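The values are calculated or read from the model by the stated rules, or taken from the named source; none is laboratory data. Predicted model, so just to flag it, every value in this text is computed and none were measured. Every residue, glycine as well, gets a Cβ built from its backbone with ideal geometry; the counts of neighbours run over all protein chains shown.
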Amino acid sequence: MRAARSPVVLLLATVLFLNYVDRGTLSTAAHLVQADLVLNDSQMGILLSAFFWSYTFTQIPIGWLAERIGGHRVLAGALAVWALATIMLGLAHSFFMLLALRVLLGVGESAGFPCVSKIMAASVPAQGLGLANGIVGFAYLLGPAVGTYAGGWLMVHFGWRSAFLVFGALSLLWLVPWARVAGQVRAAHISAAADDGPTFWMVLKTPAMWGTGLGIFCSNYGFFFMVLWLPSYLVRERGFSTLEMAELTGSAFAINALCALGAGWAVDRYIAKGGSANLAYKSIMVVAHIGSAICLLCMAFGAKPLALIGMFVYQVLCGASSPGVYAIPQVLAGPKATGRWVGVQNSLGSLAGAASPFVTGQIIQSTGKFSSALLVAAVVMAVGVMGWTWMLPKLEELRWDPAGTLAPAGAEL
């Protein structure tokens, strides 16, 4: 438990908090940017999804690089890239400039989860991963809440550009405390790299990796609809003002974050008392995905009060499932393979980040409403149950023998 609350874990949580604040700023400003630069819904969908074009495909090499030279080094360099890209977004004056900077932002932010997961797997014991991932989940899910509250306030009083300039500059400050713990993180990296881990090909041949990839794809499809299109949904579909939207969206994301922290703590407590990690994590995933699909349908077809209830219940379920999204691969892959595993897993999951805003934009452009887009998101969420349950073995560390076959951690090789 103490390792889960170490300065390293808290700084990792902070960097993902900044990651989500910066990436979500455009969605908060979407209706203002559209009006200022005269962009249509299709162009806005392209801008929101462009981040994921680079974010998706750079995570695999980033995961490999993190295991070669250390996640602590890669993470620091990547933060500098995405912070500067965020600042430049506040200075952009054309669709194509915004597009190029969103792609660059995706390159920088792609280091977040592979590097954080690599460092966590090497620094935190398996029995503490629930709380550690709950803390990290709380932070990155709080990012959209704080970003929406603070960004909405800045935009109302100083214009939409101010939010990008302020958030990008604040992100750069993270490098100061990170430099102070770099030695501790470097030692954990050297220890985890002492023995040869599985090859990239061995990771790709593991069915469980594809299970977590399918699961996170489906989870992310709904999540990124919420992060990227929820502000516009509340303003355009449900008639809220910019300030009302910021308060509702910020409150919803805050609930999401608190539930992630609570779920991580509860899972660790359950396991510490002799409970099964396999049962705990998989049960949460089933309830979260089926419940989220129902919530999205309420948002699509329910009256205004029911839609708001669905929005908030979705955030509870999303937060509860958040620790398992990365604790599951950290347990299965172990410290020597987590960087590569999460790099591939997140690349698959990030395809949803590219698809969800683009598909949503196209549907809204053609129908003028959000209901069909929400229906698609609900179906995708329901499919995710297969990835987190049927395609996964019992949750324990896997090992690869020289021939590339798999065995449980305790097996004789």
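A few points about this structure:
- A Cβ distance below 7 Å, combined with a sequence gap of six or more or placement on separate chains, defines the contacts here; from region 262-277, residues that are over 9 Å from L131 (Cα atoms) reach residues that are among the small types (G, A, S) and buried (at least 20 other Cβ atoms within 10 Å of the Cβ) in the pairs Y270/A280; I271/G130; I271/A277; I271/A280.
- E109 being modelled with pLDDT of 85 or more, among the acidic types (D, E) and within 20 Å of L348 (Cα to Cα): yes
- Cβ pairs under 9 Å, 6+ apart, first in region 229-256 and touching a residue at least 40 places away in the same chain (Cβ under 8 Å), second of a type in the set (D, E): S232/D41; V235/E244
- Here K369 passes the criteria (1) among the charged types (D, E, K, R); (2) crowded, with 21+ Cβ neighbours inside 10 Å; (3) not in a helix (DSSP H, G or I) except the one numbered (2).
- Every pair of residues 6+ apart whose Cβ atoms lie under 9 Å, when the first sits in region 95-106 and is under 15 Å from F164 (Cβ atoms) while the second is hydroxyl-bearing (S, T, Y) and in a helix (DSSP H, G or I): L101/T86; R102/S49; R102/S54; L104/S54; L105/S54; L105/Y55; L105/T86
- Test result for A163, modelled with pLDDT of 85 or more, buried (at least 19 other Cβ atoms within 10 Å of the Cβ) and among the small types (G, A, S): yes
- Between F225, F217, the distinction of being under 22 Å from Q362 (Cβ atoms), in contact with a Gly (Cβ under 9 Å, 6 or more places away or on another chain), at pLDDT 85 or above and hydrophobic (A, V, I, L, M, F, W, C) belongs to F217 only.
- Unmet requirement for N256, which otherwise passes all of (1) closer than 14 Å to F223 by Cβ; (2) over 19 Å from the mean Cα position of the chain (by Cα); (3) not acidic (D, E): (2)
- Out of L65, L79, one residue alone is surrounded by 24 or more Cβ atoms within 10 Å (Cβ to Cβ), under 21 Å from the mean Cα position of the chain (by Cα) and either farther than 24 Å from G128 by Cα or in contact (Cβ under 8 Å) with a residue 12 or more places away in the chain (or both). It is L79.
- Any hit, region 315-331, residues being farther than 22 Å from F225 by Cα and over 16 Å from the mean Cα position of the chain (by Cα): yes
- Unmet criterion (only one of (1) at pLDDT 85 or above; (2) crowded, with 22+ Cβ neighbours inside 10 Å; (3) at positive phi) for C115: (3)
- Which numbered condition R23 fails, given (1) over 20 Å from the mean Cα position of the chain (by Cα); (2) in a helix (DSSP H, G or I): (1)
- Filter result for A132 (farther than 22 Å from I46 by Cα, touching a Ser or Thr at 6+ places or on another chain (Cβ under 8 Å) and hydrophobic (A, V, I, L, M, F, W, C)): no
- S42, sole failed condition from (1) of a type outside the set (K, R); (2) within 16 Å of the chain's Cα centre (by Cα); (3) surrounded by fewer than 18 Cβ atoms within 10 Å (Cβ to Cβ): (2)
- Flag if A85 is under 16 Å from V344 (Cα atoms) and buried (at least 23 other Cβ atoms within 10 Å of the Cβ): no
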